[in-house]
Amino acid sequence: KRTMPDTHPSIYVEIYGEPLMSVADSSFVGEVVELAGFDNIFSDLPRAYSRISPEDILTANPEYILIMYPDVERKQIISRKGWQEINAVKNDNILLGSEIDADLLVRATPRSLEGVKKLRKILNEKK
């Protein structure tokens, strides 16, 4: 029997890098991340998809980082100013969209459940 983790690790979801943009819980991606068992650090943004500041990410210190757009490498994320202090970077909990098939997380289709399952599996493996 599969179970959800007792705690909900924090996650930063980046949907765009220039400028930095994330998702609120009211967005489809936010709902998928929540269903998978994560706690979105930007749950209460003014819009479903909003610009955010790097300082807010550093302050929130997420346990996971999920990059939703293609053509970004792990080393680009790690080399951002101050990001070496973020728990997700320290523990190599950086999830790239290319590795987990971000298409499963951004479109409301029956396949979205596959995306939720992939994220849950990541959580269960890190326990």
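Out of N91, N87, report the one residue that is surrounded by fewer than 16 Cβ atoms within 10 Å (Cβ to Cβ), touching a helix residue (DSSP H, G or I) at 6+ places or on another chain (Cβ under 9 Å) and either aromatic (F, W, Y) or closer than 20 Å to H8 by Cβ (or both). Reasoning before the result, please.
On the way: N87 fails: touching a helix residue (DSSP H, G or I) at 6+ places or on another chain (Cβ under 9 Å).
Unique residue meeting the criteria: N91.
Take the residues of region 61-70 that are in contact with a Phe, Trp or Tyr (Cβ under 7 Å, 6 or more places away or on another chain) and assigned to a loop (DSSP other than H, G, I, E, B): which is surrounded by the fewest Cβ atoms within 10 Å (Cβ to Cβ)?
Y69
I'd like the full set of residues that are more than 14 Å from P9 (Cα to Cα) and either out of contact with any Gly (no Cβ under 9 Å at 6 or more places or on another chain) or of a type in the set (D, E, K, R) (or both), limited to region 58-76. First the steps, then the outcome.
Here is the first cut: in region 58-76, the ones more than 14 Å from P9 (Cα to Cα) are 58-59, 67-76.
Those that are more than 14 Å from P9 (Cα to Cα) and either out of contact with any Gly (no Cβ under 9 Å at 6 or more places or on another chain) or of a type in the set (D, E, K, R) (or both): T59, D71, E73, R74, K75.
Are any of the residues in region 71-82 touching a Phe, Trp or Tyr at 6+ places or on another chain (Cβ under 9 Å) and open to solvent by 10 Å² or more (accessible area, probe 1.4 Å)?
To start, the set of residues in region 71-82 that are touching a Phe, Trp or Tyr at 6+ places or on another chain (Cβ under 9 Å) comprises 77.
Subsequent filtering for residues that are open to solvent by 10 Å² or more (accessible area, probe 1.4 Å) retains none.
No, region 71-82 contains no residue that is touching a Phe, Trp or Tyr at 6+ places or on another chain (Cβ under 9 Å) and open to solvent by 10 Å² or more (accessible area, probe 1.4 Å).
Taking the condition of being over 22 Å from L123 (Cα atoms), β-branched (V, I, T) and in a loop (DSSP other than H, G, I, E, B), how many residues in region 1-60 meet it?
Total meeting the criteria: 1.
Can you run down the residue pairs with Cβ atoms below 8 Å, 6 or more apart or on separate chains, where the first is in region 56-81 and among the charged types (D, E, K, R) and the partner is open to solvent by 80 Å² or more (accessible area, probe 1.4 Å)?
That search, which allows pairs on different chains as well, returns E63/N91.
The values are calculated or read from the model by the stated rules, or taken from the named source; none is laboratory data. Everything quoted here is computed from the prediction, not taken from an experiment. Cβ sites come from the backbone with ideal geometry, for glycine too, and all protein chains shown count toward neighbours. The area values use the complete protein model at the heavy-atom level, side chains included, leaving out ligands, DNA and RNA. Shrake-Rupley method; radii C 1.70, N 1.55, O 1.52, S 1.80 Å.
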